[in-house]
Every structure is written in structure tokens, then in C-alpha cells.
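A quick write-up on the structure given underneath.
The values are calculated or read from the model by the stated rules, or taken from the named source; none is laboratory data. This one's a predicted model, so the numbers in the text were calculated from it and none came from an experiment. Methodologically, a virtual Cβ is constructed for each residue, glycine included, from the backbone with ideal geometry; neighbour enumeration extends over all protein chains shown.
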Amino acid sequence: MFAPRTKERCSRIRKINTRDFHIATRTTSRDINRRIALNLIREHQPISRADLARRMNMTRGVVSILVQELIAQGVIFEGATGEAARGRKPTFLHIRTRDRLAIAVDVRFSKTYLMLCDFSGRQLALEAHDTIFGVPEFIRDLSVRIRRMLKTHNARATCEGIGVVIPGMVDQRTGLILNAPALGWRSVDIRDKLAVATGLPVQIENSGRACTLAQLWLVRGEATGPNSFLFISVSDGVGVGMVVNGELVRGHDDIAGEFGHMPLSLDGPRCMCGSSGCWEAYISNLATLSRYFGWNLSKLNPNSLRDAEHTSFTVSDLVVRARGGDAKAIAAIQATARFLGLGLGTIVNIANPDCIFMDGEITTAWDLIEGTVRQALSERALTESAARTPLRISLAHESPRLRGAAALIAAPSFAAPRVA
Ligand SMILES: [Zn+2]
């Protein structure tokens, strides 16, 4: 009888790509162990060397060498002295975040937000201005604002880069924005031009995916957090990021996970992408407001979306009316809730995540809509356990998009090295 000789489960084995591989070198095993140590410190800080050695199942001596290397790299530091039952008191290890800074930029249809923060995502400064749609003007204006913010906070020397999130698809190889429909941007370069204008490295990413990265890298105390999850951001559009086994899924051409454009109906309302009946066209802020005001979504175009974004009445206002007993407002958000749940049902059948995180104005009404969302989700989910997939709401004050932009700069130092 054939018996498998390794303990590796077949479902978790990964094929070596013979066209794109990374050869192991003399230092590879130490690189891997150093990253493991760094991530354990991140999750359990403050942590002593002895505790770290225990968690890594290695000797104190070997772990001390790894720790010295991480201190020399400037990614961790030794902090306060702890209590020990007897003998020498241990010093605790911490991730160095407070004096490593990043600029986070969240570009939306209506406003562009700019945040100075440290590597843990902690906000040091925040400002917002009306989004400029002309690309050269956008870059010129943004670089002036960034330089001013860094100067005001004396942060030029400690800022390690700029993370930009946009509502659109980004080619990670070239940094080009492939398509951001509501901004009217196609094949637009922001990354390299902004880097030249500011003299800082720039990373750019789709906003839904960036929220996912923030969830993966900047949430503290989540040592046992989910390894396979989605982040769904419902606002002007629907941004989605999908993580499978700790890795953000990008797909062949960087468009994987665009669940906002799965069709709920073939003859539904027109979507910003040019198609009709997409999930986004049923649950976006504009869709919800259209239900309330009786607008015909199919007759609206990106320009009218921008106009609608500039009107003062928002989904948050609609939620306030619903709480006040306005029957039309209640009907509008409950209809959105039902479509939200139907889409989630399809998503859990496709991706079967541990958990789904959500944010956006409609989720501020979660206590009113959770029942409707769950009912619709369970109608579609193929198993009872899929129907019970945890749905967790991110709070608006956590600014997941800006934290996602910060994660673009802060996260790479924690990522697993690529081998084989
Ligand atoms: Zn669409």
C-alpha cells in the first residue's frame, strides 16, 4: 500500500514555478527565521528573548543572534525591563514603528485624504481637499501638499514612502492605473511621477485591496486572526480584496476579486463599468440614494455620479432618517441590505473565507440591516456553515483605506521571503 511520506496535506502543497523561481542561498534559512522572529515579535510584543525562543522552538543563543540582526536593521528595539521570578530581569522587544513614518493618500471621487502616520498606522496629521481630476494638476497639487505636511511635522527624514489608494484597477508591475471609471482615469501613471515630484518611493494600490492589506498587517492583537478573508468596502463603488492562505489574490492581470462587477441580473441598472446589473449597481451609495429619491440609475453617468457625490445628502444622512422612522428611508436601506446579502451568498460559495470584513456608510446601519443581510446570505449559501460566515464591520474612525495606504509602505518588511 502506498503511504504518503510527508505530513504535508495535499491541499496545502504549492507547485514550484519553473519560469519564475527564487533560488535558496547560503543565507536563506536565516532570512526566513529572522522574518518569523519579526512577525512573532509583532504579534506578541512586548516579548522577551526567552519567550521568543520558546515560541520558535529554538535555543536562546540562536534567537539572540536573530534579534541582534533585527536591532541592527532598525526594525525592532529593546524596551522596558520586565519582571522575572529570579535571576536577570529580561528586556522586552518591540517593533520599531513610532519613528518610522509614511504618507497615506486616499483618492476618492469627492475628496482626497492625506494622512501622516507611523508604521503602526497611528495618525499624526490628517487633511482633505476636493479631488482634482486632471492628472498633471493632481500630481502637482498633491506633491506640494505632501512636502508641506512633512515640513510642518518635521518628518522629511523619517518618512519612508507614500502609499496611494485609488478606486480602480492597478497594474502592480508597471504601477499604471489601468481603469478608474469614476475618476475618468485610464492607463494613467501616478506612481512614478509622484515619486519624482516628491523624491520619495511611492506605492499604489486599489482601495479595496489596500483595506485588505491593512487588515492583514496593521491590526494588532490578531495573532490568531483569519488567514483567508475578504474585505468589502461599500461606498461610491464596491472595493473588494481577497486573501487566501495569508496572500492577497491578484490574478494574472491584477483584476482578481472584482466581485463588485458580478452580475445579479442581466437587465439590471447600469454600472460604472459599462455593463448592467452588477452587484455594485445595486448596493453602492448612489444605488441606495437613487432608491430613496427615485432616480433612474441607468440614466446616470460618471459625471452625474460626481455631481451626486457633491450633493450634501449622503447615505449616512439616509441612515439618520431611517432611525427617525422615515418609511422610505427604511425601505431604501433594507433593499440595499437584501442585495448586499445575496452578493455575499455568492461570494461565500466561491471563496469560502474564514471571515468577511466590511466598511462603508451603509454598514453604519448594521444594527438595522444585519437580519436582512444574513437572511439573504443564508438563502444563497450552499452549506449551513457557509451561511454562518462571520461578518465583521470596520468602524469608520479606523479609516481602513488610509491605513491600507500606510500598509503599502509598512507591510513589505514583515512579508514572508519568497523561496522556490
Ligand atoms: Zn460593473
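Data for the structure
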| item | result |
| --- | --- |
| Residue in region 404-418 that is among the basic types (Lys, Arg) and either surrounded by fewer than 17 Cβ atoms within 10 Å (Cβ to Cβ) or in contact with a Phe, Trp or Tyr (Cβ under 6 Å, 6 or more places away or on another chain) (or both) present | yes |
| Residues that are surrounded by fewer than 21 Cβ atoms within 10 Å (Cβ to Cβ) and more than 9 Å from the ligand (Cβ to nearest atom), drawn from region 256-268 | Ala256, Leu264, Ser265, Leu266, Asp267, Gly268 |
| Residues located in region 198-220, provided they are outside any helix (DSSP H, G or I) and among the basic types (Lys, Arg) | Arg220 |
| Candidate set from region 276-296 (those that are in a loop (DSSP other than H, G, I, E, B) and surrounded by fewer than 24 Cβ atoms within 10 Å (Cβ to Cβ)); member that is nearest to the ligand (Cβ to nearest atom) | Gly277 |
| Ile232 outside any loop (DSSP other than H, G, I, E, B), at pLDDT 90 or above and more than 16 Å from the ligand (Cβ to nearest atom) | no |
| Residue in region 240-255 that is near the ligand (Cβ under 10 Å from one of its atoms), closer than 23 Å to Ala182 by Cβ and assigned by TED's automatic domain parsing to the domain that holds Asp326 present | no |
| Filtered residue count, region 192-205, keeping only those that are surrounded by fewer than 21 Cβ atoms within 10 Å (Cβ to Cβ), closer than 19 Å to Gly404 by Cβ and not aliphatic (A, V, I, L, M) | 1 |
| Residues (without any contact (Cβ under 8 Å) to a residue 24 or more places away in the chain and under 21 Å from the mean Cα position of the chain (by Cα)) located in region 127-160 | Glu127, Ala128 |
| Some residue of region 190-197 being in a loop (DSSP other than H, G, I, E, B) and at pLDDT 90 or above | yes |
| Subset of region 213-229 [crowded, with 22+ Cβ neighbours inside 10 Å and modelled with pLDDT of 90 or more] | Phe229 |
| Options Ser316, Ser385: the member that is more than 21 Å from the chain's Cα centre (by Cα) and within 30 Å of Asp130 (Cα to Cα) | Ser316 |
